[in-house]
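The block underneath contains the structure these notes are about, expressed in C-alpha cells.
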Ligand code: HAM
C-alpha cells in the first residue's frame with residue numbers, strides 16, 4: 001500500500017497546536033475590528049494574469065514561485081500567492097468604490113508560493129492581512145503601522161523592530177530605478193546572475209537580494225532620499241511624525257524595497273532581532289486599483305505571516321476548563337446521556353467514553369485528556385440522586401444533587 005505523506009512544503013496544523021492559532025487569530029481580528037476593518041473572503045484561485053500585472057512578472061513570486069495551471073477550458077489560473085491583488089480585484093468587481101470614501105478590509109487564509117522549503121518558508125502558508133482604500137494621507141500609513149505595532153505589543157513579542165522606507169511616487173520611483181540601473185551597470189561583476197539580469201529588467205530588486213555579495217555591493221548604492229520630489233519628502237516626514245507621536249520605535253532602512261512591484265511611497269517590515277525573515281510586511285500602493293481597471297483610488301496595507309509569527313510566540317494562554325463524565329452501570333449511563341446533553345447545551349465542555357465500564361479506566365482517560373474535573377455516576381449515586389465531582393488536580397471530591405446540578409457546576413467553574 002502506498003504510504004501517504006504531505007506534499008513537500010505543506011504542513012498540517014494538529015489539534016494540539018490549534019489553541020495557539022485560535023488565540024492569535026482572536027487577538028488579530030479583535031484588534032483590526034477596533035480600527036473599523038471588515039472581513040473579506042476571496043477565492044483561493046484567480047486568473048494568473050492578475051498576479052502578473054500587480055506583483056510583476058519579473059518578481060520572484062510570479063516568475064519562480066507561482067502555482068499555475070490551466071483549467072478544463074484552457075484558462076490560465078493561479079493559486080493566490082498573496083491577498084492584496086485579490087482584494088483589489090474584488091473591490092473593483094463589486095463596484096463598492098461608489099459607496100463611500102475610505103474602506104478597510106481584513107482577510108485571513110492560506111497563500112501559495114513554490115518557494116524552497118526551509119525554516120519560515122512554506123509552499124502553503126497563512127497570511128492575516130489588512131488593506132485600506134481611499135486616502136493618500138500619510139497618517140493612514142502611520143495608522144496601519146501603529147496597528148501592527150500594537151498587535152506586536154499585545155502578543156508580547158520580544159525584541160521586535162519595524163523598518164520603514166519610501167519608494168516615492170511613480171515618477172520618483174522611476175528616477176531612482178534609473179539611478180540604481182546606472183550604478184550597477186558599472187559594477188555587474190559584484191552581482192549574482194539573477195541581479196545581473198535585474199539591471200535591465202528590474203533594477204530595484206537588486207536592493208532586495210539576499211546573496212551576501214549583492215548585499216555588500218548594495219551597501220554603498222545611492223539612496224532615494226536625495227532625489228525625492230517635495231510631495232514625497234513631505235509624505236514621508238508626516239508618516240514619521242505619526243509614528244513618533246505614538247512612540248513607535250522604528251528604523252529607516254534606505255534599501256528596503258519589497259519584492260512586489262505595486263508599492264509606491266511608504267514601505268515597511270516587522271522583524272524580530274536575530275530572525276532573517278520578516279514577520280509582517282506592507283506598504284502603500286496608490287496606483288494598483290487604477291492599474292487593474294478600477295478608479296484612481298490610493299491604498300495601503302500589510303500582511304502578517306502566521307507561521308512565522310507563531311514560531312516566535314510564547315503561548316501561555318488559558319486552556320478551556322473541561323469535564324469528563326464517568327458513568328458506571330447501565331442506569332448511570334442512561335442518566336449520564338441526559339446530563340451530558342444538558343451540560344453541553346449550557347455551554348459546558350464535557351467528554352465521555354460510552355464503552356468504558358470501570359471507574360479506574362474512566363479516570364485514566366480523564367487524566368490523559370487533561371480534564372479538570374471528573375463527574376462520577378455509579379449505582380450508589382443513582383440511588384442517592386446525586387453525583388460526585390472529582391477535582392483531577394487535587395483529588396478532592398464533592399457531591400452535587402441531581403436536582404439543580406447545573407447551578408452547582410457553574411459555582412464550581414467560578415472558583
Ligand atoms: P509579502 O512580504 O510577500 O507581502 O508577505 C507578507 C508576509 O507573509 C511575510 O512577511 C511573511 O511573514 C509571510 N510569508 C511570505 N512568504 C512566505 C512563505 N513562503 N512561507 C511563510 N510565510 C511567508 C505580501 O504578501 C503583501 N501582499 C503584503 C501587503 C498587504 N502589502 C500591502 N498590503
Next item on the list: Could you check, for segment 85-98, whether at least one of its residues is crowded, with 18+ Cβ neighbours inside 10 Å, farther than 17 Å from residue 300 by Cβ and near the ligand (Cβ under 9 Å from one of its atoms)?
Entry: no
Next item on the list: Would you be able to tell me the number of residues in segment 266-288 that are more than 12 Å from the ligand (Cβ to nearest atom) and either at pLDDT 95 or above or not in a loop (DSSP other than H, G, I, E, B) (or both)?
Entry: 1
Note to self: As an exercise: evaluate residue 164 against (1) touching a helix residue (DSSP H, G or I) at 6+ places or on another chain (Cβ under 9 Å); (2) assigned to a helix (DSSP H, G or I); (3) within 25 Å of residue 250 (Cβ to Cβ); (4) away from the ligand (no atom under 12 Å from the Cβ) and give the number of the one condition it does not meet.
What the structure shows: (2)
Margin query: Kindly evaluate residue 117 against the criterion of being within 15 Å of the ligand (Cβ to nearest atom), touching a residue at least 60 places away in the same chain (Cβ under 8 Å) and surrounded by fewer than 15 Cβ atoms within 10 Å (Cβ to Cβ).
Written below: yes
Item checked: Residues located in segment 299-349, provided they are closer than 23 Å to residue 128 by Cα, in contact (Cβ under 8 Å) with a residue 40 or more places away in the chain and away from the ligand (no atom under 16 Å from the Cβ) -> 314, 315, 317
Notebook entry, point to check: Among 82, 65, which is within 16 Å of the ligand (Cβ to nearest atom), part of a loop (DSSP other than H, G, I, E, B), closer than 12 Å to residue 112 by Cβ and touching a strand residue (DSSP E or B) at 6+ places or on another chain (Cβ under 6 Å)?
Noted result: 82
Note to self: Against the condition surrounded by 17 or more Cβ atoms within 10 Å (Cβ to Cβ), near the ligand (Cβ under 10 Å from one of its atoms), farther than 29 Å from residue 234 by Cβ and at pLDDT 95 or above, how does residue 108 come out, does it pass?
What the structure shows: no
Item checked: Flag for residue 53 being within 14 Å of the ligand (Cβ to nearest atom), surrounded by 16 or more Cβ atoms within 10 Å (Cβ to Cβ) and in contact (Cβ under 8 Å) with a residue 24 or more places away in the chain -> no
Notebook entry, point to check: Do we find that residue 183 is in contact (Cβ under 8 Å) with a residue 40 or more places away in the chain and either farther than 30 Å from residue 316 by Cα or crowded, with 20+ Cβ neighbours inside 10 Å (or both) in this structure?
Noted result: no
Next item on the list: Output the residue which, of all residues in segment 249-265 that are farther than 13 Å from residue 165 by Cβ and surrounded by fewer than 20 Cβ atoms within 10 Å (Cβ to Cβ), is farthest from the ligand (Cβ to nearest atom).
Entry: 249
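The values are calculated or read from the model by the stated rules, or taken from the named source; none is laboratory data. From a predicted model like this one, the values you see are computed outputs, not experimental measurements. Here Cβ is always computed from backbone atoms with ideal geometry, including for glycine, and neighbour counts include all displayed protein chains.
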